[in-house]
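Structure first, commentary second.
What follows is calculated from the coordinates using simple rules that are stated; it is not laboratory data. Just so it is clear, the model here is predicted, and its values are computed rather than measured. Please note: Cβ atoms are built from the backbone with ideal geometry, for glycine as well, and neighbour counts cover all protein chains shown.
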Amino acid sequence: MINLPSVLTEDTHFYQEHKEKLQPYLGRPYISYSSVSSWFDYKDDFIKQKFAGIKLPDGIYALMGNYVGEAIEHGYFAENNPNGFEGQENLDFSRYRKEGAEYEKLIVIDMGGYIIVGFIDVFYVENEIVNVEDMKSGGKDKEKSYSSDDYIQTVLYGYAIEQETGKEPKIGVNFIRREGSHVNPPLKIGKEQFYIPNVYSEERVEKALKKVDTAVREISELYSTYLKFFGKKE
């Protein structure tokens, strides 16, 4: 039996907006790509947040990513910019705002004992090609990670779309170079922006699903032990 900290209910924050698609999965444990990534890369923080319910502050780089992502989704920057991000003039909306595109498109992958839930940043069909694109911002150290075989987010989302449409997707990352840092502010949207193609194949899908399943089994085992001693988080 899979035992995860997150279970889909009518109170889950994204349920009502996607009720028709999610209703068949009510009561099922779920996991997101970001949770899988956090489990492998930031296990202590994952346990604090997901097991104990401790709210940790968002990092400044994550906040910038959200700021840019929301601008692309809506087609404009929010007036509220409390973190003082700069470089808004460098973002060419026409590059990412495709005709007929869907933004934050929900995907669900049924894994039997649990479901994988995610949101595609940009989804569109162009010349009969199904496109799944993720938006990422980062410094020079981040670029290579999104072309690596270890990067599975677009692979998972592409698999969900293939299951839904019957078409093999084109997947990739729109990378926006970030200038500045937390020690050398302000953070700025750089002029350097480019597309990083990802490989979509049966082998990569199998590898991605296996990685998620490994995380789920490990989390489930530890979470079950945690509950024996501490019970559910309030």
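Between Glu86 and Leu187, Lys188, Ile189, the built amide H atoms are under 5 Å apart, and every one of these is 5 or more places off in sequence or on another chain. Report the one residue of Gly84, Val36, Gln23 whose Cα lies farthest in the direction of the positive end of the charge dipole of the chain (charges on C-beta: Lys and Arg +1, Asp and Glu -1; origin at the Cα centre). Of the listed residues, the answer is Val36. Here the Gaussian network model covers the chain, with springs between Cα atoms less than 10 Å apart; of Val125, Val212, Val173, Val125 fluctuates the most.
Mean projected area of the Cα convex hull of segment 35-122, taken over all directions, amounts to 7.9 nm². Helix 153-165 and the long axis of the chain differ in direction by around 80°, with both axes built from C-alpha atoms.
Trypsin sites (Lys or Arg not before Pro) within segment 1-93: which are DSSP loop residues with at most 12 other Cβ atoms inside 10 Å?
Of the trypsin sites (Lys or Arg not before Pro), the ones in loops of segment 1-93 whose Cβ has at most 12 other Cβ atoms within 10 Å are Lys55.
Label Glu70 and Phe14 with points 7 Å out from Cα along Cα→Cβ: what is the distance between them in nm? According to this spin-label approximation, the distance is 1.6 nm.
Backbone amide hydrogens, once placed in the peptide plane, bring Ser6 within less than 5 Å of Tyr30, excluding anything fewer than 5 places away on its chain. Shown in residue order for segment 120-134 are the 3J(HN,Hα) couplings computed by the Karplus curve 6.51 cos²θ - 1.76 cosθ + 1.60 at θ = phi - 60°: 6, 4, 9, 10, 7, 10, 9, 6, 6, 9, 8, 10, 10, 10, 9 Hz (x for Gly and Pro).
Whole Å is fine, so just give me how far the alpha carbon centre of segment 188-226 lies from that of segment 142-171. If we compute the Cα centre of each part, the gap is 9 Å. Helix 60-74 against the longest principal axis of the chain: what's the angle in degrees, Cα atoms only, rounded to the nearest 10? Rounded to the nearest ten degrees, it is 70.
Please go through the residue pairs Lys98/Lys167; Lys98/Lys136; Lys55/Lys232; Lys19/Lys43; Lys48/Lys105 and name each one whose alpha carbons sit more than 22 Å apart in this structure. Long pairs (Cα-Cα over 22 Å): Lys19/Lys43; Lys48/Lys105. The trypsin sites (Lys or Arg not before Pro) of segment 107-162 meeting both criteria, a DSSP state outside H, G, I, E and B (loop) and at most 16 other C-beta atoms within 10 angstrom of the site's C-beta, are Lys140, Lys142.
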